[in-house]
Every structure is written in structure tokens, then in C-alpha cells.
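The values are calculated or read from the model by the stated rules, or taken from the named source; none is laboratory data. Values in this document were obtained by computation on a predicted structure and should not be read as measured data. Cβ placement follows ideal geometry from the backbone for every residue including glycine, while neighbour counts extend to all protein chains displayed. Note: areas computed on protein heavy atoms with side chains; ligands, DNA, RNA excluded. Shrake-Rupley method; radii C 1.70, N 1.55, O 1.52, S 1.80 Å.
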Amino acid sequence: MKYFDKNTWFWILIGALFFLPFLGGVHLFDWDEVNFAELAREMVMSGDWLHMTINFETFTEKPPLFFWLQASSMELFGIGEYAARFPNALLGIIVLPFLYISGKFLVDRKFGFFWALSWFGATLPFLYFKSGIIDPYFNFFIFNGLFFLIHFLWKRNQVNFIFLSKSARFYLVVGGIFIGLAILTKGPVAYLIIFLTLLAYAISKSLRFGMKISDFLIYSLVALGVFLLWFLVEYSFNGPDFIVDFTIRQWELLTTNDAGHGGFPAYHFVVLLLGCFPASIFALRGLGKIEGLYPHVADFQRWMIILLSVVLVLFSLVGTKIIHYSSMAYYPISFLSALSLWQISEFPRKHKIWIAISLSFIALIGIVLSIALPWAGMHVEDIIHLFDKDPFAKANLDAEVPWSLWDYTPALILLLSIIGYWIYRKQNPDFSFRLLFFGNAVWVFAALIFFIGKVERISQRAAVEFFESHAEEEVYLVNYGYKSYVPWFYGEVQPYVDPKAYKREWLYHGQVDRDVLIATKVNKVGQMIREIPDAQLLYHKNGFYFYRRKAYAR
């Protein structure tokens, strides 16, 4: 099969045009983006890429692969927002042609195009390639680990209508390597997802699906071996502390409501339904029987339905509810969406009215939000009373933000895309799909341009600017009463000579040898004044209060 054709180059170009621009146009967001970027910054600053630190103290919550990518990017572009987000943008340029080629391999060029289109035009999948978080690489490695495992089974079972040029063992080993990379990116939950998916598939096949226990052991040992290559080096330099603390932390994330990130049982279903629009609606149709599928495609559909179910059930059961926890579902959702688009294209009578109505309803939500946000920004006095019970959020609205009528542009883009879809859905469904998905992608891109900087200005910029302004001073930087990585990354904190400087208790109450600059929120001011009475107020802005605690005279 010829992998690179004009559509492959088209998707590479589209990825570059949409994912590379404006990566550094807005500050990194607390927590995750700043947290991960700070880990990478400290790697660059210390030159030690084996011992991960945050505030130059040992960090054991994540393995290092993604931070190595970010640190490499920072070596190339310099420390900053663009470098922190560049690895994911680069992956986006890879994923779109990868999906196209994979779809062409499974079905045909049209299906491959629809698979890439379903990903590119879905809201959260698009957005994640503009971010600086771990999950895009984590999910890509997991999907490939499963993809090559499926190839192994097809080769072993001599499935018709698909040509696999390598040996079965080759696909098994490559799949294991990808799962090992996934574990090295975020942790053992990658293996758990694969294990549960394989188990569910085996049960659906009455345990007769062509895989021996020895095959599974080889797959698992290869995956473990990739992780162990790093761990043995880590152990030889730093001892067993990482693996012990890391294991405890992973269990806490699975069993507890972490840092207030709870949610209702259907949280991830709602997130995926709205966040993967419009692919999520078409994917609902892709859950059913699709006419004209080769047996291997129908089998792959079964795998994707099982993978989607495993992700939904697993992350609905864990205590911590965060949007990107269920982002592994983007792969099965985009595949099932492509199946539905392909079926409608081949059999137009399958384009049911409920699909169009559901698409319009969710699009309407996006349009209303895209109108409400700039309207609220230009009429703060009419909505500020809604925040009476949250003094910090209310004070955030004091931020000077230059809203204008141009900020209604994203709403207009989404409105035109759904109208275009309705106009062409019957006479030219393929064109209607392009209008809808490309329109939604442009809407997300426009929303980032018009909205994200303004939201950041409201939510955190006052604190970022405060710590940036003191980055080159010989002071201690810290926050009080809330969790944040902003002081370290934007304050460009260097390793301290005095080990006491890493202890908040000493910074708050000790006989410090440098001034301590402290940021807190308006709802924590009273508590802070009582606890740190010698702190002097410098100024306050948009809900943040900034204090100086003077150094003790020697």
C-alpha cells in the first residue's frame, strides 16, 4: 500500500497550519500545564534528566518521557509557553495523517479521510494538540499498543481481506513496545486499559480468539521491559524511592477524590458527548450495525466499542474526575464517527434526521456560549451579582479585558457551519460533513484566538505578572492558601543554597535571609494575616493579594 498520497500531505499541512501557530500566545494554565513545564524547565536548568524535580525537590507522580520531550523542546526554542506546547502540536501533525493512513489500510481512502476529519473537527481532540499536557502522547501510545495487538491476532488467525506483511510476532512485540512507552509517559493505567479491553474482547468471543497465554506474557514482558530500561537506570542513581512513592500516588488517584476533582457518575459520558462534538453524535450511529463492512473492519469496530466502554466504566469508577482522564476515548469515538460518515456516504438513506437534530442542539449550546461570553465581558455590571458567594471569582471580573463586537466571530463561524451542514446534508452529504467538521475546527481555533487570552487575563494573569516581575530578584517566591506552580515557573526560581528555603513553614515564619514575596487570594487574606502578621501588603489586583515579608537583619 502506498502510504503517502495527496491526502496524507493534505493532513500534514492542515495539522501544521492549525496546531503550530499561537502556541506561545497566552500564558500556561495552572495546574497541569505549568506543573509539567516547570518539571521540564528544572531538567534544563539542572542538566539532570534522570532525577525529576518540582521546585527542585524530588517529583514521583509521573514517569519522565513527556518531560524529556518538553525539555528537548525548551533546549530548541528556549524556556517558554511555545516550547512547552510544541511536542503536542508536533504529535497533532503526526496523528492526522496516521489516522488517514490507518483508515485507508482498514477500508479505503474515503474512510481514512473521514477518520482524520472526525478527529480534526472534534472540539477537545483538536484543543489538546494546542496544550502542554501529557495525555495526547499517552493515548497515542496506548492506541498503537492495541492497534498492533489486533494486527497480531489478525495475522495469527489469517484474517481475509487484509494484507499484513510482517510476522505475527513482529506485531506483538511492536504493540508491547508502545504500551511500554505509554507506561513511561504516565504510568501503569496504560496496561490496565489494554488488559481490561483484551479481557472484555476475549469474553465476547467466548475466550476463543486466537491468543495464547504465552503470547500475552511476551506482550506484557516487552511492555514491562521498556519501562524497566529507564527504571533500572533511575534505581541505580536514586534508589527505590521513585517506584515506592509513584505506586502509592497512582493508587490514591484511582481510589480518592483528588484535590477536589470529583464529579457525578455520568461525568465522562457528558464530557465526551459535548467535548467530542460533532464526532460524538456520529459515533452513536457507529455503535450499531454498519452495512458493507469486511469482517476485519467489523472486528475492529467491536474492539473500538469495547475500548470506549472500558474507558467510560473505568474512569467513572475512579474517585478523581478530570476531563482528560477519558481522553483515550477520542480514538474509538473518531473511528466510530468515521464508520458512520462512511456508511452515510455509501448509503445516503442512512443519514437519519435524529443525527441532524442532535448536532444542531449541541451546536446551539456552543453558539449560545460563544455569544454569552463576550456579552458578559461587555456587561460585567449586569452579571457580577451572580458571584456574590465567591469573592475571588467576583474580584476576577475587575480585570481590564478589551472585549468588542469582533468577539462574536466564533459564534458566527459555528452558526454558518451548522447551516451549511443542513443545506447540503441530503444533496451532497460528503460536502456537508466537510463543512461541519472543518467549521467546528475553525470555531475552536477562533475561540482560542478571541477568548483564551481574555479568560487567562481574568483568571490568573495578575499572579503571573507579579511573579514574572520579580523573576531576576534575589527573593523567595511562594503562594499561600491555594495550589499553584506559577511562582516557580514564571518566577524562574533557581535552586536554593539553604535547604530551609524549600519549606513553606520557614518562609512564612522563619528568620529568612531574603525577602519573601507571597501571593494569596482575596478569600484567604484574613487567614493569612492572622498566620503571617509581619507580611506587608504590596497591592492587590483582580482577586489576588500580594505581600512582602522582609528579610531579618543580620
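All of (1) crowded, with 17+ Cβ neighbours inside 10 Å; (2) of a type in the set (S, T, N, Q); (3) farther than 18 Å from Leu99 by Cβ; (4) at pLDDT 95 or above hold for Ser334 with one exception: (3).
This table checks each residue for (1) more than 31 Å from the chain's Cα centre (by Cα); (2) under 30 Å from Lys394 (Cα atoms).
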site	(1), (2)
Val475	yes, no
Gly491	no, yes
Gln494	no, no
Arg504	no, yes
Phe544	no, yes
Ala551	yes, no
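Within region 45-69, if we keep just the residues that are touching a Pro at 6+ places or on another chain (Cβ under 8 Å) and open to solvent by less than 20 Å² (accessible area, probe 1.4 Å), the residue that is farthest from Leu90 (Cα to Cα) turns out to be Met52. Scanning region 138-183 for residues that are free of Cβ contacts under 8 Å to residues at least 60 places away in the same chain and under 19 Å from the mean Cα position of the chain (by Cα) returns Phe140, Phe141, Asn144, Phe178, Ile179, Ala182. The requirement of being surrounded by fewer than 20 Cβ atoms within 10 Å (Cβ to Cβ), out of contact with any strand residue (DSSP E or B) (no Cβ under 9 Å at 6 or more places or on another chain) and modelled with pLDDT under 95 is satisfied by Gly239. In region 506-531, the qualifying residues are those that are of a type in the set (D, E, K, R) and within 32 Å of the chain's Cα centre (by Cα), and the one that is farthest from Phe392 (Cα to Cα) is Lys524.
Yes/no per residue for (1) open to solvent by less than 20 Å² (accessible area, probe 1.4 Å); (2) closer than 30 Å to Leu127 by Cβ; (3) in contact (Cβ under 8 Å) with a residue 60 or more places away in the chain; (4) hydroxyl-bearing (Ser, Thr, Tyr):
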| position | (1), (2), (3), (4) |
| --- | --- |
| Ser459 | no, yes, yes, yes |
| Glu473 | no, no, no, no |
| Tyr485 | no, yes, yes, yes |
| Tyr496 | no, no, yes, yes |
| Lys500 | no, no, no, no |
| Val512 | yes, no, no, no |
| Lys550 | no, no, no, no |
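The residue pairs whose first member lies in region 13-42 and is over 13 Å from Phe86 (Cβ atoms), whose second member is β-branched (Val, Ile, Thr) and in a loop (DSSP other than H, G, I, E, B), and whose beta carbons are closer than 6 Å, counting only pairs six or more residues apart or on different chains, are Asp32/Ile133; Arg41/Ile79.
Entry remark, region 190-225: residues being touching a residue at least 40 places away in the same chain (Cβ under 8 Å) and surrounded by fewer than 20 Cβ atoms within 10 Å (Cβ to Cβ) number 13 in total. For beta carbons closer than 8 Å, sequence separation of 6+ or different chains, a first residue in region 378-397 that is free of Cβ contacts under 8 Å to residues at least 12 places away in the same chain and open to solvent by 40 Å² or more (accessible area, probe 1.4 Å) and a second that is outside any helix (DSSP H, G or I) and not aromatic (Phe, Trp, Tyr), the qualifying pairs are Phe387/Leu397. Restricting Leu477, Leu517, Leu507, Leu538 to residues that are open to solvent by 20 Å² or more (accessible area, probe 1.4 Å), modelled with pLDDT of 95 or more and hydrophobic (A, V, I, L, M, F, W, C) narrows the list to Leu538.
Does region 201-252 hold any residues that are part of a loop (DSSP other than H, G, I, E, B) and over 30 Å from Thr60 (Cα atoms), and which are they?
Lys205, Ser206, Leu207, Arg208, Phe209, Gly210, Met211, Lys212
Entry remark, region 15-44: residues being among the hydrophobic types (A, V, I, L, M, F, W, C) and either in a loop (DSSP other than H, G, I, E, B) or open to solvent by 20 Å² or more (accessible area, probe 1.4 Å) (or both) number 11 in total. Among the candidates Trp422, Trp443, the residue that is closer than 30 Å to Ala116 by Cβ, open to solvent by 70 Å² or more (accessible area, probe 1.4 Å) and out of contact with any Cys (no Cβ under 8 Å at 6 or more places or on another chain) is uniquely Trp422.
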